[in-house]
Amino acid sequence: ESMPILDFMFTAAPIFIFTVFVIVIGTILFFGIQSLREWIRNNRQEILSDHVRVTDKRTHVWGGHHNQQHHAHTSYYITFEFEDGERREFMVSGRAYGLVSPGDAGTLTWQGTRFHDFQRVREY
């Protein structure tokens with residue numbers, strides 16, 4: 001005579017584990033394909049240079065700690081305003097982030113959603 005709860009666990013557990021596995025793999029594939037599509041789309045775009053002004057900067061810190069070790073990661077973003085008033089935010093390197101201040105004016109080189117360079121112009 002078997003116990004109903006054990007029968008249920010041996011039936012439900014593999015289904016639950018398989019479902020979680022499919023969700024995790026599906027999520028990884030979804031974001032991987034989405035990133036690949038953006039990369040391809042950016043590569044098809046023309047590289048542009050425009051006169052802009054830096055309006056804002058921000059960081060996004062993510063990650064945590066594991067076994068008493070901190071594994072935090074920082075993403076850096078700069079918002080540029082074009083001469084027509086349009087604003088766009090680009091993810092940039094930490095180096096580019098550190099060299100720019102809100103209010104700076106200069107030439108932004110970009111391609112789709114990809115930041116290439118910002119050359120500040122000194123205004124007297």
Report summary line: Only unsatisfied item for HIS70, checking (1) touching a helix residue (DSSP H, G or I) at 6+ places or on another chain (Cβ under 8 Å); (2) loosely packed, with under 10 Cβ neighbours inside 10 Å, is (1)
**Report entry** Among (1) assigned to a strand (DSSP E or B); (2) small (Gly, Ala, Ser); (3) more than 20 Å from GLU38 (Cα to Cα) - the single one GLY85 does not satisfy
**Finding:** (1)
Query raised in the report: Which ones in segment 46-80 are at pLDDT 95 or above and over 19 Å from the mean Cα position of the chain (by Cα)?
Result: GLU46, ILE47, LEU48, SER49, ASP50, HIS51, VAL52, ARG53, VAL54, THR55
**Report entry** Cβ-Cβ under 8 Å pairs, at least 6 apart or on other chains, segment 68-88 side without any contact (Cβ under 8 Å) to a residue 24 or more places away in the chain and among the small types (Gly, Ala, Ser), far side surrounded by 12 or more Cβ atoms within 10 Å (Cβ to Cβ) and assigned to a strand (DSSP E or B)
**Finding:** SER75/MET91
Query raised in the report: Which condition breaks for ALA96 when tested against (1) touching a residue at least 40 places away in the same chain (Cβ under 8 Å); (2) open to solvent by less than 40 Å² (accessible area, probe 1.4 Å); (3) within 20 Å of the chain's Cα centre (by Cα)?
Result: (1)
Requested in this report: Looking only at segment 24-35, decide whether some residue is open to solvent by less than 100 Å² (accessible area, probe 1.4 Å) and farther than 27 Å from THR113 by Cβ.
Outcome: no
Report summary line: Residue pairs qualifying under the 7 Å Cβ cut-off, at least six apart or on distinct chains, with the first in segment 26-39 being at negative phi and the second being surrounded by 10 or more Cβ atoms within 10 Å (Cβ to Cβ), are GLU38/THR113
**Report entry** Candidate set: segment 75-93, residues that are out of contact with any Phe, Trp or Tyr (no Cβ under 6 Å at 6 or more places or on another chain) and open to solvent by 90 Å² or more (accessible area, probe 1.4 Å); chosen: the one nearest to VAL61 (Cα to Cα)
**Finding:** ARG87
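The values are calculated or read from the model by the stated rules, or taken from the named source; none is laboratory data. The structure presented is a predicted model; accordingly, all values stated were derived computationally and were not measured. Note that we place each Cβ from the backbone using ideal geometry, even for glycine, and neighbour counts take in every protein chain shown. Surface accessibility is based on the protein's heavy atoms, side chains included, excluding ligands, DNA and RNA. Shrake-Rupley method; radii C 1.70, N 1.55, O 1.52, S 1.80 Å.
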